[in-house]
Structures are given as C-alpha cells and as structure tokens.
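Since the structure comes first, as structure tokens, the remarks are kept for the end.
The values are calculated or read from the model by the stated rules, or taken from the named source; none is laboratory data. Everything quoted here is computed from the prediction, not taken from an experiment. Glycine also receives a Cβ, built like all others from the backbone with ideal geometry; neighbour counts cover every protein chain displayed.
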Amino acid sequence: MATEPGCLYVVGTPIGNLEDVTLRALRVLKEVDLIAAEDTRVTRKLLAHYDIHTPLISLHEHNERARSAELIQRLQQGQAVALVSDAGMPTISDPGGRLVAEAVAAGCPLQVVPGPSAVLAAVAVSGLEVERFAFEGFLPRQGQARQARLEELARLPHALVLFEAPGRLVRTLQELRDVLGPRRVAVARELTKRFEEVIRGDWETVLDHFHRHPPRGELVIVVAGADPQDRRSWTDQEVAEALGRLIAQQVDRKEAIREVARLSGRPRREVYQIALRQRSPSEEAGS
C-alpha cells in the first residue's frame, strides 16, 4: 500500500535499538517524498542502517514555526511527508506538535505510524502496579514554577512518569521524595540499549544507588501511586503539633517544614503558612 499524496505521517522510531522499528515505518520512510527530522544526523543513522535514501529536512524547537509553514505548503502541493523525532513518538516531549496542529487546521490528511515509547516501556518494566498514570515529561527547571508543579503532582493519587537529565536526577528524586512522601519508585536508564538497567525500590534505595553510581544516558522515572491510607492529609492542628515537636527538638524551622510536609502529605507551601501562624511574638520581633 503506497503512501497517500499530501499526507503527513507521524512516525515512531526506535528509542535505542534499531531493530525495534516497525515494518510499516520502514515502508513509509522509504516511500514519502520528504522526512522532517528533529536532528537529521540521528535520523540519517537509522536510514543508512536500512538503506533508505529519502531526502531529509530539519524540524526542531528552534525552527518549527518557520519550517511548519514550508512543510504545509509541500503537503498542499501533494508531497507526502514523514515527521520523526530522534527517538520514540514525535510531539511527546519532542518537536512536531505545531506542525501537526497546522496540518489539521489546513485540512491536510494525517496518519500515525505507532512505534516505540520510552514512557510505556518504562512503565512496563518498572515492577510497579500501574493501572493509571500521569505523564509529566520534564519538570520546570527551577523556582516557583517547579515547586508549584511538584505540589500539583502530590495531589494526584495515581502513578507518575517523568523524564529527567542525568545531571538533575538526584535533585529531582530528592524533591519528589520530600513532596510526595513514601512511595515506591523505579528509574529506567538507557532503555533498549546496551547498558539498559532499571533501579527499583524506595526513595532511599534508589538515591543511594545513584549517589554511588552517577547516572548517564536517557532516564525515565516511574513513581508508584500513593497508598490510600498515606493520602489522608493531616489537619492544620496535626501539622502545627508536629512542627512544634520538631522545633522543640532544636530542628531547624526550614527542615521541620520540609519534614512535616513529607510526612503529612500537605504541600510545603501550606505547612509554611501554618508555621508562620504559630511563630511566637519574640520570633516575629526578631525576624
């Protein structure tokens, strides 16, 4: 079955092992007039492996606006175009969403060619009971946006899936532990590649591993859903009492807030507000 003229094909490609490409993907990549690739150097390796010589054009986060207009014009002229990212499905934490939206708006036909997914692969080998999950992608890098997103995730009862870079993995695991409280976690590294591994356990077990073995490569974090009993948030009074006990033990106030947020399931911002209300007049005067 030949590719359809003027059609945009959204094609999944291997996340590591080139043998994971589908027969349909290979046929489409060979038959289309043009392949729009996140990084043409990466896609060229896949094409060379399967002796495919279709012309390539780049489409990445820095040129997607301008390149999308050009590709829509090609589609309207009857050319068949395949959209690929470096690995997995385009538009999923990868470029391509704008092109797909503009193709829909322009009335161009679209077809999806499903392929490997790091998200589903990580969930499948996590060893966790995952009936429902939320895919978060990458967290905001820093600041209030990051903290706000973490607190949003703490209110979700089901499993979570996140991407992370090696240099930020330990920090992210620590922050997830502090905000989400006790959970089981799995970190999948280099899925389908030569050095694939999955580290499973509680927060401390997984953190200890990556403290001893600094992470490298592509990483996916899968966090189990909260136990319903662990999801019961403490009342303001229970939070205030726990803060009082820790501060009486000479625990630093900032550390006490972090610990009570972890134990209670309450967002750290709420615990901080309760801590402010219980400060003594002498503390207020000295602040």
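Scan segment 92-109 residue by residue and report those that are modelled with pLDDT of 95 or more, crowded, with 16+ Cβ neighbours inside 10 Å and in contact with a strand residue (DSSP E or B) (Cβ under 8 Å, 6 or more places away or on another chain).
Hits for segment 92-109 are Gly96, Leu99, Val100, Ala103, Cys108.
Which numbered condition trips up Arg132, out of (1) closer than 24 Å to Arg41 by Cβ; (2) of a type outside the set (Gly, Ala, Ser); (3) loosely packed, with under 14 Cβ neighbours inside 10 Å?
Single failed check for Arg132: (1).
Given the condition touching a Gly at 6+ places or on another chain (Cβ under 7 Å) and either without any contact (Cβ under 8 Å) to a residue 40 or more places away in the chain or closer than 30 Å to Leu18 by Cα (or both), answer yes or no: does some residue in segment 149-161 qualify?
yes
Restrict the check to segment 218-228 and report whether at least one residue is modelled with pLDDT under 85 and at positive phi. Explain how you work it out, then say what you get.
Initial filter on segment 218-228 (modelled with pLDDT under 85): 226-228.
If we keep only those that are at positive phi as well, we get none.
Taking every residue of segment 218-228 in turn, none turns out to be modelled with pLDDT under 85 and at positive phi.
Quick one: in segment 81-112, which of the residues that are out of contact with any Leu (no Cβ under 9 Å at 6 or more places or on another chain) and among the aliphatic types (A, V, I, L, M) is nearest to Leu191 (Cα to Cα)?
Going through the qualifying residues, I end up with Ala87.
Go through segment 113-157 and count every residue that is more than 27 Å from Pro14 (Cβ to Cβ), of a type in the set (A, V, I, L, M, F, W, C) and in a loop (DSSP other than H, G, I, E, B).
Final tally of qualifying residues: 1.
Scan segment 177-204 for residues that are assigned to a loop (DSSP other than H, G, I, E, B), in contact with a strand residue (DSSP E or B) (Cβ under 9 Å, 6 or more places away or on another chain) and farther than 20 Å from Leu153 by Cβ and jot them down. Walk me through how you get there before you give the answer.
To start, the set of residues in segment 177-204 that are assigned to a loop (DSSP other than H, G, I, E, B) comprises 181-183, 190-196.
Adding the requirement that they be in contact with a strand residue (DSSP E or B) (Cβ under 9 Å, 6 or more places away or on another chain) leaves 182-183, 190-191, 195-196.
Glu190, Leu191, Phe195, Glu196, listed by residue number.
Among residues belonging to segment 137-192 that are among the small types (Gly, Ala, Ser) and either in contact with a His (Cβ under 8 Å, 6 or more places away or on another chain) or at positive phi (or both), point out the one that is surrounded by the fewest Cβ atoms within 10 Å (Cβ to Cβ). Give the steps one after another, and end with the answer.
First, pick out the residues of segment 137-192 that are among the small types (Gly, Ala, Ser): 137, 143, 145, 148, 154, 159, 165, 167, 181, 186, 188.
Now narrow it down to the ones that are either in contact with a His (Cβ under 8 Å, 6 or more places away or on another chain) or at positive phi (or both): 137, 143, 181.
Details: Gly137: 12, Gly143: 8, Gly181: 19.
Checking each candidate, the answer is Gly143.
For every residue, the table says whether it meets (1) modelled with pLDDT under 85; (2) part of a helix (DSSP H, G or I).
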{"site": "Glu241", "(1), (2)": "no, yes"}
{"site": "Gly244", "(1), (2)": "no, yes"}
{"site": "Val251", "(1), (2)": "no, no"}
{"site": "Arg262", "(1), (2)": "yes, yes"}
{"site": "Gln273", "(1), (2)": "no, yes"}
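Listed residues Arg98, Arg132, Arg141; which is of a type in the set (Lys, Arg), in contact with a Lys or Arg (Cβ under 9 Å, 6 or more places away or on another chain) and within 30 Å of Asp178 (Cα to Cα)?
On the way: Arg98 fails: within 30 Å of Asp178 (Cα to Cα); Arg132 fails: in contact with a Lys or Arg (Cβ under 9 Å, 6 or more places away or on another chain).
Every option except Arg141 fails the conditions.
Could you tell me how many of the residues in segment 205-218 are touching a residue at least 24 places away in the same chain (Cβ under 8 Å) and either more than 16 Å from Val161 (Cα to Cα) or in a loop (DSSP other than H, G, I, E, B) (or both)? Steps first, please.
At the first step, the residues of segment 205-218 found to be touching a residue at least 24 places away in the same chain (Cβ under 8 Å) are 206-207, 210-211, 214-218.
Add one more test, that the residue is either more than 16 Å from Val161 (Cα to Cα) or in a loop (DSSP other than H, G, I, E, B) (or both), and what stays is 207, 210-211, 214-218.
Number satisfying all stated conditions: 8.
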